[in-house]
């Protein structure tokens with residue numbers, strides 16, 4: 001092997017651009033690299049250093065030339081996945097990649113060509129779904145090609161799955177018409193029926209009225225049954241069919257059937273989750289998240305249904321929270337939401353509203369909770385339910401919370417007395433009181449070093465628009481957590497290799513032959529640090545918004561989930577946004593605040609980023625205007641480090 005081949009073939013992470021001798025030396029060897037069977041390792045080195053390249057166009061040409069000639073499905077699939085997730089590359093070269101992808105879908109006569117063409121088809125679809133400069137018409141022509149059903153199975157199956165994903169986004173009838181042609185092929189009938197079922201399910205979630213919703217749900221259930229009949233090993237189809245049956249049973253007040261279907265949904269979803277281990281693709285996260293949302297909805301429906309017919313005027317707090325979650329089911333399980341379609345609420349809401357209207361004592365729960373709601377209460381759902389039930393009962397609209405009520409006279413008197421007392425105080429005293437009330441966190445930062453104070457102020461500034469952060473109790477405790485994580489980050493950033501213990505060895509570059517650490521090492525270190533700082537913390541806590549929390553920090557009246565990740569290749573703030581969806585998903589039943597801790601294992605031949613560059617606040621807008629936005633504090637812990645003495 002040549003030295004270049006040896007470099008490409010070395011075990012572990014891909015070589016860096018510096019390993020090749022720098023950018024100029026790399027391109028001097030480009031012809032030899034392009035003909036190597038391991039050329040994709042060189043492409044990975046270019047992508048890792050993309051934002052620092054002097055000649056990104058030459059790098060894109062190298063990748064395009066080699067990708068055009070490559071015929072190994074595994075190499076093609078892996079590199080296309082990286083390219084479609086690389087914002088720097090896509091910024092200027094998505095059109096060129098799309099041209100290559102569409103062209104490479106054409107030769108698929110042999111089994112090997114078919115599998116390779118399938119990966120290029122997936123890439124073309126992902127580029128079009130991204131909503132950027134790539135229009136959908138080119139990939140639509142490929143997807144609706146009448147010859148596709150007669151192609152080898154490896155390619156035809158990818159067409160089927162792409163047709164379903166495309167329809168969920170574009171609602172183009174040509175895509176479902178094309179899917180029907182695959183039902184006549186025994187080897188593809190199950191996949192085609194499943195995708196058609198998902199198309200109808202997507203239409204159901206966007207239905208404008210009850211009749212249309214039921215029509216689409218019935219069609220979806222029929223196709224799910226067809227998928228199961230064609231292939232008994234379809235836990236995904238079984239789960240969705242059970243979900244539809246559960247909703248219909250809830251509406252029909254058939255609690256026995258609801259319990260049966262909910263149990264089936266949970267069994268099938270668990271089977272499917274095991275099957276998906278290691279096979280999940282990021283661009284189809286919407287599908288997987290929808291399946292998980294159905295699982296959660298089934299539990300809420302089952303719990304709510306067991307109590308809706310009860311004559312008792314009092315319920316456990318947990319039960320009524322399940323009712324609220326079921327009442328707004330359409331917010332969490334609708335595929336590709338459009339406008340303000342109420343979708344599942346057309347079926348779920350009437351039974352809940354009828355129960356509350358028939359037993360007016362239940363309405364008192366909502367009134368009481370709205371008057372003194374816990375921090376993690378779903379206030380919006382409670383407001384919607386109260387309004388709907390009062391409208392059914394013919395009651396006048398409730399006055400705004402800050403308007404006069406039964407205690408209005410007392411409130412007015414207290415306010416007047418308060419104004420009189422404050423008016424007698426000197427301006428300096430008033431200013432001092434105001435500062436103490438509004439800057440309750442000042443005691444947390446006055447002793448911090450300047451860089452930590454600057455970071456603290458920047459993070460808190462980003463949290464100001466969050467309504468939950470304005471709550472005094474939430475703000476006080478969350479600020480204490482922010483301060484502790486800043487201290488943790490500063491401590492671990494300063495930690496030296498010679499003095500580190502085994503617990504913090506994950507911060508440094510591994511020795512020859514050792515593997516890079518996993519995120520569990522950061523997770524355990526951060527957990528122990530917070531525990532020693534007198535926080536109440538738990539690890540791997542189940543039943544957090546349908547998932548498992550890496551670190552749960554418990555405060556009076558609310559809790560915060562810290563999601564832990566590790567990143568090997570792309571760790572800039574823009575790159576880490578892909579973890580924010582999972583981070584804030586844990587906040588579904590609590591305050592709209594969370595944390596993300598990322599162990600940055602990218603190569604660090606030069607100095608570490610400043611402390612102030614390694615923590616920031618992210619605002620995550622809600623996908624539906626009726627939902628609440630969420631906020632997350634992101635902490636990037638620099639790992640895979642060398643000492644300053646060894647830096648180049």
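The values are calculated or read from the model by the stated rules, or taken from the named source; none is laboratory data. If you're wondering where the values come from, they're calculated on a predicted model, not measured in any experiment. Note: ideal-geometry Cβ built from the backbone for every residue, glycine included; neighbour counts use all protein chains shown.
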Next on the checklist: Looking at region 230-247, can you tell me whether even one residue there is touching a helix residue (DSSP H, G or I) at 6+ places or on another chain (Cβ under 7 Å), surrounded by fewer than 20 Cβ atoms within 10 Å (Cβ to Cβ) and farther than 23 Å from residue 302 by Cβ?
Outcome noted: yes
Within region 85-105, residues being under 24 Å from residue 154 (Cβ atoms) and at pLDDT 90 or above number 9
Of those in region 27-50 that are more than 18 Å from residue 76 (Cβ to Cβ) and free of Cβ contacts under 8 Å to residues at least 12 places away in the same chain, the residue surrounded by the most Cβ atoms within 10 Å (Cβ to Cβ) is 28
Scanning region 602-619 residue by residue, those under 19 Å from residue 523 (Cα atoms) and either at pLDDT below 85 or out of contact with any strand residue (DSSP E or B) (no Cβ under 6 Å at 6 or more places or on another chain) (or both) turn out to be 602
Residue pairs qualifying under the 7 Å Cβ cut-off, at least six apart or on distinct chains, with the first in region 118-147 being outside any helix (DSSP H, G or I) and the second being at pLDDT below 90, are 136/170
Scanning region 13-26 for residues that are within 34 Å of the chain's Cα centre (by Cα) and touching a residue at least 40 places away in the same chain (Cβ under 8 Å) gives 13, 16
Taking region 606-626 and keeping residues in a loop (DSSP other than H, G, I, E, B), touching a residue at least 60 places away in the same chain (Cβ under 8 Å) and over 20 Å from residue 508 (Cα atoms) leaves 623, 624, 625, 626
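Give the number of residues within region 44-84 that are in a helix (DSSP H, G or I) and over 19 Å from residue 104 (Cα atoms).
Of the residues in region 44-84, 12 are in a helix (DSSP H, G or I) and over 19 Å from residue 104 (Cα atoms).
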Residues of region 461-476 being part of a helix (DSSP H, G or I) and surrounded by 20 or more Cβ atoms within 10 Å (Cβ to Cβ), in sequence order, are 463, 468, 474
Subset of region 481-494, residues over 17 Å from residue 462 (Cβ atoms) and either touching a strand residue (DSSP E or B) at 6+ places or on another chain (Cβ under 9 Å) or at pLDDT 90 or above (or both), comes to 484, 487, 488, 490, 492, 493
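Looking at this structure, is residue 636 at pLDDT 90 or above and part of a helix (DSSP H, G or I)?
Considered against the rule, which asks whether it is at pLDDT 90 or above and part of a helix (DSSP H, G or I), residue 636 comes out as no.
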